Amino acid sequence: MVTNYIPKTSILGSTRIQRIAKKLIEEAREDRQLALEAHRFFREMIDENPQDAAAKNLMVDTLKVAQASKNNVVKILNLMIKMGEVEEDKTSIGGKGVPNSVFSELDNIVNE
């Protein structure tokens, strides 16, 4: 007889979400670096042949990719801040009164 798996901890707990966010930010950083590298490549092609319309279009597209990756990092950080605020609200409502947030921990580290 098959039994259902019941996890002991939350599947989308704050630690897992933070780990996923960190991975996404690292991937976005890599995407941005590759896009800027491609931009430099197409820029060199345009310097050699200023009439190359395809290289100009591709250069613009690489800038769009680089900017989109930067925007995605900002969105991820905004979501993490909102998640931290929700966690703080939950802990303060729960009677503990001590915020249990990554951002409060980072603030403590910065203030030391």
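Values quoted throughout were computed directly from the atomic coordinates according to the rules given, and no laboratory measurement underlies them. These figures come from a predicted structure and were not determined experimentally. Here Cβ is always computed from backbone atoms with ideal geometry, including for glycine, and neighbour counts include all displayed protein chains.
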Notebook entry, point to check: Looking only at the stretch 12-34, which residues are under 13 Å from MET83 (Cα atoms), surrounded by 14 or more Cβ atoms within 10 Å (Cβ to Cβ) and not β-branched (Val, Ile, Thr)?
Noted result: SER14, GLN18, ALA21
Check: at negative phi, loosely packed, with under 12 Cβ neighbours inside 10 Å and in a helix (DSSP H, G or I) - does that describe any residue in the stretch 3-11?
Finding: no
Next item on the list: May I ask you to list the residues in the stretch 63-80 that are aliphatic (A, V, I, L, M) and farther than 10 Å from ILE25 by Cα?
Entry: LEU63, VAL65, ALA66, ALA68, LEU79, MET80
Next item on the list: Please name all residue pairs, on different chains or six or more residues apart, with Cβ atoms under 7 Å, provided the first residue is in the stretch 52-74 and is charged (D, E, K, R) and the second residue is exposed (fewer than 15 other Cβ atoms within 10 Å of the Cβ).
Entry: none
Notebook entry, point to check: Counting only residues that are of a type in the set (S, T, N, Q), surrounded by fewer than 13 Cβ atoms within 10 Å (Cβ to Cβ) and in contact with a helix residue (DSSP H, G or I) (Cβ under 8 Å, 6 or more places away or on another chain), how many does the stretch 43-89 have?
Noted result: 1
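Quick check on this structure: which one of ARG29, ARG19, ARG43 is out of contact with any Leu (no Cβ under 8 Å at 6 or more places or on another chain), in a helix (DSSP H, G or I) and closer than 27 Å to LYS90 by Cα?
ARG19
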